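Colleague: I have a structure here, written as structure tokens, and I will follow up with some questions on it.
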Number of protein chains: 2
Amino acid sequence: MTRTSLQMQSTVHPNGRVAVTLERIEVPSPAADEVIVRMEAAPINPSDLGNMFAGADMSTVSPCADGIGVEAQLSPGVLRAAAARLGDPLPMGNEGSGVVIDAGASASAQGLLGRTVALRTGAYAQYRSIAADHCLVLPEGIAPQQAASCFVNPLTALGMVETMRLEGHTALVHTAAASNLGQMLQKICIADGVQLVNIVRKPEQAELLRALGATHVCDSSVSSFADDLTEALADTGATIGFDATGGGGLCSQILAAMEAALNRGAGYSRYGSTVHKQVYLYGSLQLGATELNRTYGMAWGVGGWLLTNFLRRVGQASAQILMQRVANEVTTTFKSHYTNTVSLEEALSIGAIEQYNQKATGSKYLIAPKKS
Amino acid sequence: MTRTSLQMQSTVHPNGRVAVTLERIEVPSPAADEVIVRMEAAPINPSDLGNMFAGADMSTVSPCADGIGVEAQLSPGVLRAAAARLGDPLPMGNEGSGVVIDAGASASAQGLLGRTVALRTGAYAQYRSIAADHCLVLPEGIAPQQAASCFVNPLTALGMVETMRLEGHTALVHTAAASNLGQMLQKICIADGVQLVNIVRKPEQAELLRALGATHVCDSSVSSFADDLTEALADTGATIGFDATGGGGLCSQILAAMEAALNRGAGYSRYGSTVHKQVYLYGSLQLGATELNRTYGMAWGVGGWLLTNFLRRVGQASAQILMQRVANEVTTTFKSHYTNTVSLEEALSIGAIEQYNQKATGSKYLIAPKKS
């Protein structure tokens, strides 16, 4: 029996328009080591938006002339950057969860029948065919809605703490810290005894984190922010940061505060502290250039941080340990909150897109392919 | 017998003025393991200017009311950054060379009598007292004028190639490449069989480097610069760069060209090449913020690079090997060119300051303390 499935696809066309549409695809019967997952829950992460809209000017989003979906216009520069995906319909959805409803003949595939699993890529679909050993198997009793976000946020949060350790730091800084990811990071840090300095933009975000047990929360909207941050960095000794905003001056501000904290009581040194200060940019919530004012001596670094590059760096065995921790703690440490649940079709309505494209902290969409 | 010596000193005063003056100091007889060096040649490097003028507004430079020297005004922000040196007269001159004219009783000190040596710090003086084992001893027959610049430029150039190797790259990029430092780097790369991409700002600078044997020179003043650079990077496989300009967009432009070179013929990858691309900023010829437009995927890094931090990283034994290479090749690989030779007093004339503060490639001042 061949099933069909609605699948969300994104295609950049040579005319500079990106189309995000629902297409009906065939899902062949599973091979011996494969399973078929009935997808039930998949989050819309900022990284999904990058795939879906390919950097289009979002003020140009409009419904497609035919079929279900939307399209938007890319600037010439952005179109050039997308050259390698031109004309290819790419399945959307970086992660999601569902129930295994069919399995190939192998014991490992058969063993998953009826189980809740989480998977990566192609998650915005009704059905997904996948190798059995590419599934993350959740403990019995976990519903797909609880396991929708097992990879991107949990592994990123764990990866930050691992990177901190690998690079010889003992405490860390995080921006946009009240996000789902930020809350996970705070819980991990409490469990692991790691000091964390949270940077948020609103008083209510600070309170949310304090309610989770956060001890250091700095609100960038208050006038004492630079002093507050320096104080928190001096308290914790944090010399590595992870910044979700990317553009603008926050990264440089963090480095300057680290340097000020390190220089407390130190004598004059023309080239600043010799302690290495590092900020990784893992997101681009703020578009535009990153501006580094270089007022923090010479022992500093800024760089991109990407989950898949981190996982390659630590290797498969370490990644497996981290994923097992996610499966074990999916209803506690790695619990996610969603503000809206939408069907595949509703996810492509102009109103929903306008909302989730704001990437506002505290607002998060979940796609439920079974919902209609 | 106690000698006296003119010494150039720089003092930041609480009123926000920095004074760069000539002072007469006492040079006591050498202890057992010390020598007295009659200084004969010391270069004015950009790093010296940072020490001398402490980031002052150079349009405010004027002669001191009394004594020999000049003063200039610091902005409040720059003054804050100089807090730790407030009121302390600092001896100037990061490097220089002279002849040992007096020595303590120890064999190692006595062995240096009459020899040309190079030394670090306090070089802008007539006489300098120093521990014998802090001297770099030049081969017989080398004059101090040939050994004035044994540390800053030679070790920086060698340090770039070592850093390239340490971090797993096989070819490198250098900006402001026609400088004394850049010429040394090109000669080292030819000797060591390392591919180098030189970035210059004028056609005559490109010719100078080609005359030294450079094969890859990109002129940032021509319209095809971005394409030329990408081509050179694809040819050489360079994935690490050293940028003397610091501010502005050149660093970001280099990363973008590296990414374009790496992506030639590669398939679509939303997050770009997974090959790490690195640019180190080792100077600030261009003031103002470094602007990173982040159009080069996620596998990239930017950071400060400082010679003393590099030497600490590789350790004393490695540093010694590099310094011995400088001593051995001081008239070939590490030969420096100076356009002006001035006395200590002339170095503090307004006219000379205006000239050497331009930090123009091809223009370089040498202080000869014996000149009057």
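The values are calculated or read from the model by the stated rules, or taken from the named source; none is laboratory data. This is a predicted model, so every value here is computed, not measured. All Cβ positions, glycine included, derive from the backbone under ideal geometry; neighbour counts span all protein chains shown. We work out accessible area using only protein heavy atoms, side chains counted, and drop any ligands, DNA or RNA first. Shrake-Rupley method; radii C 1.70, N 1.55, O 1.52, S 1.80 Å.
Colleague: Any idea of residue B:333's accessible area? Nearest 10 Å², probe 1.4 Å.
Modeller: 20 Å²
Colleague: Sticking with this one: Given label points at 7 Å from Cα along Cα→Cβ, what nm distances, shortest first, separate residue A:223 from the same residue in every other copy?
Modeller: Sorted ascending, the copy-to-copy spacings read 5.2 nm.
Colleague: Suppose a student asked you for the relative contact order of the range B:138-259, using Cα pairs under 8 Å spaced at least 6 residues apart; what percent would you report?
Modeller: Relative CO of the range B:138-259 lands at 26 percent.
Colleague: Taking every eigenvalue of the Cα gyration tensor of the range A:173-228, multiplying by 5 and rooting it, what semi-axes result, largest first, whole Å?
Modeller: Three semi-axes, in Å: 18, 11, 9.
Colleague: Still on this structure, please answer the following. Starting from a label point 7 Å past Cα on the Cβ side, list the distances from residue B:357 to the same position in the other copies, nm, shortest first.
Modeller: Label point to label point, same position, other copies: 5.1 nm.
Colleague: Still on this structure, I have one more. Calculate, for residue A:101 and residue B:32, the FRET efficiency according to 1/(1 + (r/R0)^6) with r their C-beta to C-beta distance and R0 60 Å; round to the nearest 0.05.
Modeller: Plugging the Cβ-Cβ distance into 1/(1 + (r/R0)^6) gives 0.10.
Colleague: Using every alpha carbon pair in the range A:205-249, what percent of pairs falls into each 10 Å bin from 0 up to the bin containing the largest distance?
Modeller: Reading upward from the zero bin: 23, 54, 23.
Colleague: For residue A:171, which sequence-distant residues (separation of 5 or more, or a different chain) have an amide H within less than 5 Å of its own amide H, given hydrogens modelled in the peptide plane?
Modeller: Answer set, sorted by chain and number: A:239, A:240.
Colleague: What is the average number of partner chain Cβ atoms found within 10 Å of a Cβ in A:80-88?
Modeller: So the per-residue partner count for this stretch is 3.
Colleague: How high is the relative contact order of the range B:176-326? Use alpha-carbon pairs under 8 Å, at least six apart in sequence, and give a whole percent.
Modeller: Normalised by residue count, the contact order of the range B:176-326 is 19 percent.
Colleague: Divide the volume of the convex hull of the Cα atoms of the protein assembly as shown by its number of residues and quote the answer in cubic angstrom per residue.
Modeller: Convex hull volume per residue, Cα atoms: 179 Å³.
Colleague: Order of A:136-142, B:246-252, B:287-293 by packing, highest average Cβ count within 10 Å first?
Modeller: B:246-252, B:287-293, A:136-142
Colleague: Related question: Relative to the compact-globule scaling 2.2 N^0.38 Å, provide the ratio for the alpha-carbon radius of gyration of the range A:30-149.
Modeller: Output field value: 1.26.
Colleague: Then there is this: I'd like to know how the range A:1-98 sits against the 2.2 N^0.38 Å rule of thumb: what's its Cα Rg over that expected value?
Modeller: The value comes to 1.20.
Colleague: Among the listed pairs A:364/B:277; A:202/B:277; A:277/B:277; B:187/B:364, which are separated by more than 30 Å between their Cα atoms?
Modeller: Result: A:364/B:277; A:202/B:277 exceed 30 Å.
Colleague: How much of the accessible area of the range B:91-235, in percent, comes from carbon and sulfur atoms when a 1.4 Å probe is used?
Modeller: 50 percent
Colleague: Quick one: compute a quarter of the convex hull surface over the Cα atoms of chain B and quote it in nm².
Modeller: Seen from a random direction, the Cα hull of chain B projects 19.8 nm² on average.
Colleague: Report residue A:371's accessible area, 1.4 Å probe, all protein chains in place, as a number in Å² to the nearest 10.
Modeller: Answer for residue A:371: close to 80 Å² accessible.
Colleague: May I ask for the distance between the Cα centers of the range B:204-243 and the range A:1-72, given as a whole number of Å?
Modeller: The distance from the Cα centre of the range B:204-243 to that of the range A:1-72 comes to 43 Å.
Colleague: Separate question: For the range B:276-335, just run the numbers: alpha carbon Rg, then divide by 2.2 N^0.38 Å, N being how many residues it has.
Modeller: 1.56
Colleague: What does the helix-only formula give at 222 nm for the protein assembly as shown: each DSSP H stretch with n ≥ 4 adding -39500 (n - 2.57), the total divided by the residues, and the result rounded to the nearest 500 deg cm²/dmol?
Modeller: -8500 deg cm²/dmol
Colleague: How big a patch of accessible area, both sides summed and in Å² to the nearest 100, lies buried between A and B at a 1.4 Å probe?
Modeller: Counting both chains, the buried surface is close to 2800 Å².
Colleague: For a protection proxy built on the mean count of beta-carbon atoms within 10 angstrom, sort A:73-83, A:7-17 highest first, please.
Modeller: A:7-17, A:73-83
Colleague: If you don't mind, there's one more thing I want to ask. Kindly give the distances from residue A:57 to its copy-mates, label point to label point, with each label point 7 Å from Cα along Cα→Cβ, as nm values to one decimal ordered shortest first.
Modeller: Those label-point separations list as 4.1 nm.
Colleague: Rounded to the nearest whole Å², what accessible area per residue is found for the range A:233-372 with the 1.4 Å probe?
Modeller: Counting only protein heavy atoms, the per-residue value for the range A:233-372 is 42 Å².
Colleague: Let me ask something additional. Counting only heavy atoms of protein chains, what accessible area per residue, in Å², does the range B:15-165 have with a probe of 1.4 Å?
Modeller: Ligands and nucleic acids excluded, the figure is 38 Å² per residue.
Colleague: Let me have the relative contact order for chain B, percent, based on Cα pairs under 8 Å that are six or more residues apart.
Modeller: 17 percent
Colleague: How large, in percent, is the carbon and sulfur part of the accessible surface of the range A:276-366 at a probe radius of 1.4 Å?
Modeller: About 49 percent, which is the carbon plus sulfur part of the accessible surface.
Colleague: Can you send over the solvent-accessible area of residue B:133, 1.4 Å probe, protein chains only, in Å² to the nearest 10?
Modeller: 130 Å²
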